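The values are calculated or read from the model by the stated rules, or taken from the named source; none is laboratory data. Computed from a predicted model, the values in this text were never measured in an experiment. Positions of Cβ are generated from backbone atoms using ideal geometry, with glycine treated the same way; all protein chains shown enter the neighbour counts.
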Amino acid sequence: MSWGYLLRRLAQLVPTSALILLVGFALIHLAPGDPVLALAGEHGDAEYYDFMRAKFGLDQPLHEQLFTFVANMAHGDLGTSYVQGRPASQIILERLPATLLLTATALTIASILGLGFGIFTATRRRAWQDTTATTVLLATYAAPVFLIGQALILLFALGAGWFPVQGMTSAVTPSNSFGHAVDVAHHLVLPALVLAAPEVAVIGRLTRVGLLQELGSDHVRTARAKGSPPSIVVAKHALRGAVMPVVTVIGNRVAHLASGAVVVEVVFGWPGMGRLLVDALRDQDSPIILGIFLLVSLTVMTANLLTDLVYVWLDPRVLFS
Amino acid sequence: MSFSPDASLKPSEPAVATPGQQIMRRLTRPAGVIGATLTLALICVGLLAPFLAPTDPRAIDGPSLSPPTASHPMGTDALGRDVLSGVIYGARTSLITVSGVGLLVFLIGITVGIVSGYRGGWLDDVLMRGTEALQVLPRFFLALVVVAYFGPGTDRLVIVLGLTSWPLLARVVRSQTLSLRRRDFIEAARTQGASGYRIVVHELWPNLLPTVFTLMGLLTAQVLLIEASLGFLGLSDPDAVSLGYLASEGQRFLRVAWWLAAFPGLAILVAVLGLNLLADSAGDATLRA
């Protein structure tokens with residue numbers, strides 16, 4: 001990978017980060033009422049308001065305020081949650097692992113099922129299996145996350161009783177860490193499947209299109225002519241090229257995953273960052289709301305960068321097109 | 001086969017159909033027909049909600065938690081309100097949101113895309129850097145923050161989603177404009193002394209139509225899902241019925257009254273499916289990411 005390209009992409013992060021911070025700053029100042037209310041909540045006492053006003057320099061000119069705001073954010077100082085009275089960044093970080101576990105599991109499930117669906121449909125083109133699977137994927141892509149979640153709860157939790165309805169752990173704490181892991185995994189199945197569902201549709205569809213293109217290409221025809229069995233042709237010759245666009249789309253779906261996680265965490269009572277955000281919205285706990293917005297924005301930005309770099313690394317030709 | 005000079009002169013279907021004809025031809029395929037029908041149904045239900053709904057969606061109209069019956073085809077909720085009426089008015093709210101956002105996205109995306117691609121130069125650089133930066137902003141979370149600071153409401157939702165949903169449209173329109181700009185028929189119009197406005201409106205625009213149509217369908221489908229999710233989290237306009245909010249109310253009664261959550265959710269699925277099918281069949285299916 002050329003250093004010039006890497007530097008150019010890194011330089012692009014500057015205006016994007018600036019925009020993200022500026023949006024956060026502008027929202028606080030454009031919101032109706034005193035910005036200190038947005039930063040400190042409406043239920044603080046006069047002393048706390050004075051403290052926050054001085055901390056974010058709200059008595060200073062606007063450009064100085066922006067500078068202080070950016071400096072505070074750069075230090076990871078989001079202010080103090082007025083509901084819990086602790087640093088907002090600390091509260092957010094506590095909730096992060098549960099969300100990461102949920103999204104990472106969902107992404108893994110989505111990649112495996114998506115590739116599976118793609119290979120299954122592309123190798124049975126225009127057969128009834130292809131039509132059925134493609135229709136199911138289309139409906140999955142169109143379904144709101146909560147509908148899939150509620151349907152699975154109704155069928156497999158309330159109905160069959162195979163999985164718990166809510167939460168991340170059982171009320172009875174397992175004695176050892178292995179039991180704990182099994183318990184969490186048991187709670188994780190349904191929410192992870194629901195979060196994965198739209199991504200399965202996207203990855204499956206892309207794999208199918210890519211695979212169909214590859215199966216019609218010259219090098220695949222050559223492999224067939226040489227007598228390679230069909231499974232080898234798909235696995236060794238066609239899938240490689242077909243997976244390329246899938247890699248990019250996974251990186252670009254991070255924003256979708258994060259917003260889907262908020263809804264899934266509410267549906268399943270999963271104690272992650274999304275639930276924290278919804279609670280903070282109800283309580284008007286601004287440091288937490290702003291903190292999660294900034295964290296998600298920066299994560300999406302980084303994921304986009306990494307995706308582009310991986311893409312260039314896999315296929316250096318894109319640099320020259 | 002014998003050589004016959006007449007064969008090439010015979011008037012037949014023009015080899016290249018106009019973009020409008022291409023859209024119409026694709027729309028008459030089964031997927032296109034289904035998509036167009038579902039989308040039209042959403043528009044009609046939304047527009048005619050006051051005439052179609054059996055009752056006021058907030059009025060107590062029957063027994064509490066009644067399953068679907070002849071008088072209440074989608075059942076009633078815990079307060080005895082008709083779910084069908086709620087779904088119909090919810091579709092109206094969705095339609096209003098999607099139309100507002102769609103209009104903003106259309107105006108901003110097309111303008112930025114064409115100006116950037118046709119004018120080029122420093123203006124293109126500035127517009128595209130801005131577009132790229134904006135594309136990274138997570139719209140759903142931005143909408144959440146706006147609702148947190150400004151309070152829930154359809155108007156601010158339309159503004160925040162409209163102002164942030166256009167980058168994809170602008171980028172695709174720009175790249176299409178760039179490649180079309182160098183084509184012979186545009187060069188020909190330019191040599192004939194056509195004004196920039198005339199070239200854009202009469203030569204460029206018709207060729208952008210299929211792409212724009214497809215992207216608008218996909219983008220509005222996404223907006224519909226975002227609006228539904230916000231409603232589900234209880235952040236929709238308190239003065240309007242929202243399908244997402246109805247589904248979230250149903251969650252509490254999932255064990256005893258599946259219809260409360262199922263019908264609003266299915267209504268969203270059908271509307272989003274319609275827009276996606278319409279978009280897919282009308283244009284270039286490879287555009288979808």
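See the values below:
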read-out	value
Among the candidates B:Phe185, B:Phe141, residue that is under 22 Å from B:Ser94 (Cα atoms) and in a helix (DSSP H, G or I)	B:Phe141
Qualifying residue in region A:187-208 (condition: part of a loop (DSSP other than H, G, I, E, B), facing another protein chain (nearest Cβ under 10 Å) and among the charged types (D, E, K, R))	no
Hits in region A:30-62 - residues which are within 12 Å of chain B (Cβ to nearest Cβ), modelled with pLDDT of 70 or more and closer than 20 Å to A:Ser89 by Cα	A:Leu37
Helices (runs of 4 or more DSSP H) completely within region B:1-88 that count 3 or more residues being at pLDDT below 85 and among the hydrophobic types (A, V, I, L, M, F, W, C)	B:19-27
Which listed residue is touching a residue at least 60 places away in the same chain (Cβ under 8 Å), in contact with a helix residue (DSSP H, G or I) (Cβ under 7 Å, 6 or more places away or on another chain), under 20 Å from B:Val272 (Cβ atoms) and among the small types (Gly, Ala, Ser), from B:Gly113, B:Gly75, B:Gly117, B:Gly86	B:Gly86
Hits in region B:233-244 - residues which are within 11 Å of another protein chain (Cβ to nearest Cβ) and within 14 Å of B:Asp77 (Cβ to Cβ)	B:Leu243
Cβ pairs under 7 Å, 6+ apart, first in region B:207-228 and part of a helix (DSSP H, G or I), second among the aromatic types (Phe, Trp, Tyr) and surrounded by fewer than 20 Cβ atoms within 10 Å (Cβ to Cβ)	B:Met216/B:Phe106
Considering residues of region B:79-100 that are closer than 18 Å to B:Gly274 by Cα and not small (Gly, Ala, Ser) only, the residue nearest to the chain's Cα centre (by Cα)	B:Val98
Pairs with Cβ under 9 Å, 6+ apart, first in region A:1-13 and touching a residue at least 24 places away in the same chain (Cβ under 8 Å), second surrounded by 15 or more Cβ atoms within 10 Å (Cβ to Cβ) and not in a helix (DSSP H, G or I)	none
Test: A:Ala258 is in contact (Cβ under 8 Å) with a residue 60 or more places away in the chain, away from every other protein chain (no Cβ under 12 Å), aliphatic (A, V, I, L, M) and surrounded by 22 or more Cβ atoms within 10 Å (Cβ to Cβ)	no
Those residues of region A:152-171 which are more than 8 Å from every other protein chain (Cβ to nearest Cβ) and assigned to a helix (DSSP H, G or I), in sequence order	A:Leu152, A:Leu155, A:Phe156, A:Ala157, A:Gly159
Residue check for B:Val256: in contact with a Leu (Cβ under 8 Å, 6 or more places away or on another chain) and at the interface with another protein chain (Cβ under 7 Å from one of its Cβ atoms)	no
Positions within region B:234-265 being in a loop (DSSP other than H, G, I, E, B), touching a residue at least 60 places away in the same chain (Cβ under 8 Å) and aliphatic (A, V, I, L, M), in sequence order	B:Leu235, B:Ala240, B:Val241, B:Val256, B:Ala257
Number of positions in region A:116-133 that are touching a helix residue (DSSP H, G or I) at 6+ places or on another chain (Cβ under 8 Å), among the hydrophobic types (A, V, I, L, M, F, W, C) and surrounded by fewer than 21 Cβ atoms within 10 Å (Cβ to Cβ)	3
In region A:268-315, residue nearest to the other protein chains (Cβ to nearest Cβ) [restricted to those that are surrounded by fewer than 20 Cβ atoms within 10 Å (Cβ to Cβ) and not in a helix (DSSP H, G or I)]	A:Gln284
Residue, nearest to B:Asp280 (Cα to Cα), within region B:206-258, restricted to residues that are among the aromatic types (Phe, Trp, Tyr) and surrounded by fewer than 22 Cβ atoms within 10 Å (Cβ to Cβ)	B:Phe213
Single residue of A:Thr80, A:Thr99, A:Thr108 found to be out of contact with any Gly (no Cβ under 9 Å at 6 or more places or on another chain) and modelled with pLDDT of 85 or more	A:Thr108
Failed item, numbered, when B:Gly250 is tested on (1) more than 10 Å from chain A (Cβ to nearest Cβ); (2) over 23 Å from the mean Cα position of the chain (by Cα)	(1)
All positions within region A:79-138 that are among the hydroxyl-bearing types (Ser, Thr, Tyr), part of a helix (DSSP H, G or I) and more than 15 Å from the chain's Cα centre (by Cα)	A:Ser89, A:Thr121, A:Thr131, A:Thr132, A:Thr134, A:Thr135
Region B:270-287, subset crowded, with 20+ Cβ neighbours inside 10 Å, in a helix (DSSP H, G or I) and not hydrophobic (A, V, I, L, M, F, W, C), residue nearest to the other protein chains (Cβ to nearest Cβ)	B:Asn276
Condition check for B:Leu230: at pLDDT 85 or above, within 14 Å of chain A (Cβ to nearest Cβ) and more than 23 Å from B:Ala91 (Cα to Cα)	no
Only listed residue being without any contact (Cβ under 8 Å) to a residue 40 or more places away in the chain and either surrounded by fewer than 16 Cβ atoms within 10 Å (Cβ to Cβ) or under 16 Å from A:Val263 (Cα atoms) (or both), chosen from A:Ala157, A:Ala104, A:Ala98	A:Ala104
Lone qualifier among B:Ala267, B:Ala170, B:Ala188 - being small (Gly, Ala, Ser), facing another protein chain (nearest Cβ under 10 Å) and over 20 Å from A:Phe268 (Cα atoms)	B:Ala267
Residue selected from region A:209-255 under the condition at pLDDT 80 or above, within 10 Å of chain B (Cβ to nearest Cβ) and in a helix (DSSP H, G or I), by the criterion surrounded by the fewest Cβ atoms within 10 Å (Cβ to Cβ)	A:Gln213
